[in-house]
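A short reminder: the numbers here are calculations on the coordinates, not readings from a lab. For clarity, every value in this text was computed on a predicted model and none was experimentally measured. Glycine gets a Cβ as well: all are built from the backbone with ideal geometry, and neighbour counts include every protein chain shown.
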Amino acid sequence: MSRYDESISKLKSALQFGIEASLEGFTAFMHYLGDPHSRYPSLQVGGTNGKTSTSRYTAAILRACGVYTGLYTSPELMEYPERMELGGQPISHERFADVILGTIEQAEAAIAAGVIEYITEFEILTAAAFTLFAEAEVQFAVLEVGLGGMWDATSIVTPKVAVVTGIDLEHTAILGDTVEEIAVQKAAIIKPGSYAVLGPGVEETRRIFYDRCREVGAEYTIIQPPYVQFDYIGPDYQSINIATAWVAAERALGQAIEPETVQQALDGLVIPGRFEILRDEPFLMIDAAHNPQATRYLCEALVKRYGLIPDENGIDRVPGIDTLLLGILNDKDTRGIIEPLTKLFKNVAVTKSASPRSIPVDELAELVETIDGRRPARYETIAEALADLTVRGVATLATGSITVAGETKAVFTGLL
C-alpha cells in the first residue's frame, strides 16, 4: 500500500461525524501542534451556496496581486488533495500523504496524552491544511467553512475578513429549522478584529448580520448590484461571487484592486463542478447544485445561456441538452431540487453516486414521477449512465449533488 493509499484509509477510518457545540477539543489539539493557524492571516468564507466559488475567486485575485496563497475548500470533487491548494495548485498525492499521516500521528499522541478524546475526519483535514500552510509559509490563507460556522473546525481562526455569501435552509438537523437560526450559526465567523463582507444572498436575514457586526465591533460591506462585468468561464450568476471575492480581497490587502487585475485572475480560471462542460460532443456538463437555492441559480443560468424553445408537445425546454441525469442525497430538499429542474428537460434519468447517503434509484424515480409526472430512466450507477448516454450520443447535464458531479467527472476522466 502506498503512503497516499494509507493516508486515505486512515482518514476514512476516523470518526466521520463528530459535530458538537464546542471547539474546545480542536483548539486544544491545534495548541498541541503549536497553533500553526496563527502564523498567517486568514480569510474565512461561509454561506449556504457560492462559498466554494467565492473562495476560489478570492484566492485567484490575491494571487493576481502577487500574494502566495493557501486555499482550503470542502468537499473535494474527485480526490481529497483537491481540498488543499498552494499558489493555485492542488497539492500532490505525496505531499497530501505526508501532511495527513503526520497529523494523524500527532493526533494519536495527543489522544494518548489526554489532550483530546478523539478527532474527526474533518478535523484531521483542517489541522493538516493549517500545518501545510504554515510549513509553506503562505502569505494568506483562504478557508472555506465546512458546515455552519459557529462550531466548524475552520472557526478556530480569527479571520481578517469574514465572508458570508448567502443563507438558505440546509443541514436543518444540525444548524436549525429556520433561515434565522442558520444565519446565527454562519454569522459567528464574524469576530472582533474581522471585516465582514456580506453577499446579496443574506438579504432575508440581514438584520442578524448587522447585529453580529455591532456586537463584535466589525465593519462591513454589503455586496449589491450592479456588478462589474468580466470575461470568465461560467454562468452569469458567478458575477455575484466575483463581486464578493473582489471586495474580500481588497479588505484582506487593505487596498483597492483594479478591474484589470481581477480580469487577470479570472482568465482561464475554471471552478470545478460549477456549470462545468466536460465534453462538447456528445455534450456533457456537470453542476454541483445540491439544494433549492443552488438549483434556482442553475436553472436561471441554463435559461440565460441557452434559452427555452418548445418541444414537440409545446412545452418549453432548454435546447441542446436532451437529458437531465439526476442524483440526490437523502438529507436534501428533494422537491426543491426536482421541481424546477426536471421541467426544463425533454428527458429525465435518475442515478445514485457511491455516497451512502444517496437516495436509492427506485425511490428517487418514484419521487421524480410524483413531482414531474413523467417516469424517468433509471441507472444504478453513474458509470452505467454515462456509458449508455455516451454511446447513444445524448447531450446530458449531471447534477443534484456534489457527489454526482464529482463522480461523473471521475468516470469521465478515467479516475474511476
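Arrange the following residues from fewest to most other Cβ atoms within 10 Å of their Cβ: 1, 150.
Lowest count first: 1, 150.
With θ set to phi - 60° and the Karplus curve 6.51 cos²θ - 1.76 cosθ + 1.60, what are the ³J(HN,Hα) couplings of region 124-138 in order, to the nearest whole Hz, using x for Gly and Pro?
4, 4, 5, 4, 5, 5, 4, 5, 4, 5, 5, 5, 7, 6, 5
Can you tell me which of 47, 66, 336 moves the most in a GNM of the chain? Springs connect C-alpha atoms under 10 Å apart.
Highest fluctuation among the options: 66.
Return the percentage of antiparallel bridges among DSSP beta bridges fully within the chain, rounded to the nearest 5 %.
25
Between 314, 199, 87, which gets the highest mean-square fluctuation from a Gaussian network model of the chain, Cα cutoff 10 Å?
Largest GNM mean-square fluctuation: 314.
Springs between alpha-carbon pairs under 10 angstrom, Gaussian network model over the chain: which of 377, 112, 365 fluctuates most?
Checking each option, the largest mean-square fluctuation is seen for 112.
What is the spread of the Cα atoms of region 49-155 along each of their three principal axes, largest first, in whole Å?
44, 29, 26
Residue by residue, what Karplus-based ³J(HN,Hα) values in Hz, rounded to whole numbers, does region 238-249 have, using 6.51, -1.76 and 1.60 with θ = phi - 60° and x for Gly and Pro?
5, 4, 5, 5, 5, 4, 5, 5, 4, 5, 4, 5
Which value, in Å to one decimal place, does the Kirkwood hydrodynamic radius take for region 276-413 when every pair of different Cα atoms is included?
Kirkwood hydrodynamic radius for region 276-413: 14.6 Å.
Which residues' amide hydrogens lie under 5 Å from the amide hydrogen of residue 378, considering only partners 5 or more residues apart or on another chain, with H built in the peptide plane?
350
Report, by chain and number, residues whose modeled amide H sits under 5 Å from the one on residue 278, excluding near sequence neighbours (fewer than 5 apart, same chain).
Residues meeting the criterion, in which the H sits 1.01 Å from N, are 284, 285, 286.
Run the simple label-point estimate for residue 89 and residue 261 please: 7 Å along Cα→C-beta, distance reported in nm.
Once both label points are built, they end up 2.4 nm from each other.
Please find the FRET efficiency linking residue 28 to residue 222, where r is the Cβ-Cβ separation and R0 is fixed at 35 Å, and quote it to the nearest 0.05.
0.45
Run the simple label-point estimate for residue 355 and residue 416 please: 7 Å along Cα→C-beta, distance reported in nm.
1.1
Quick one: which residues, 5 or more positions from residue 195 or on another chain, have an amide H under 5 Å from its amide H? H modelled 1.01 Å from N in the peptide plane, none for Pro or chain starts.
161, 162
May I ask which of 160/343; 12/51; 12/346; 191/332; 186/346 have a Cα-Cα span longer than 32 Å here?
160/343; 12/346; 186/346
Evaluate the Debye formula for the chain with equal point scatterers sitting on the alpha carbons, no solvent, and hand back log10 of I(q)/I(0) at q = 0.07, 0.10, 0.11 Å⁻¹, in q order, two decimals.
-0.33, -0.69, -0.84
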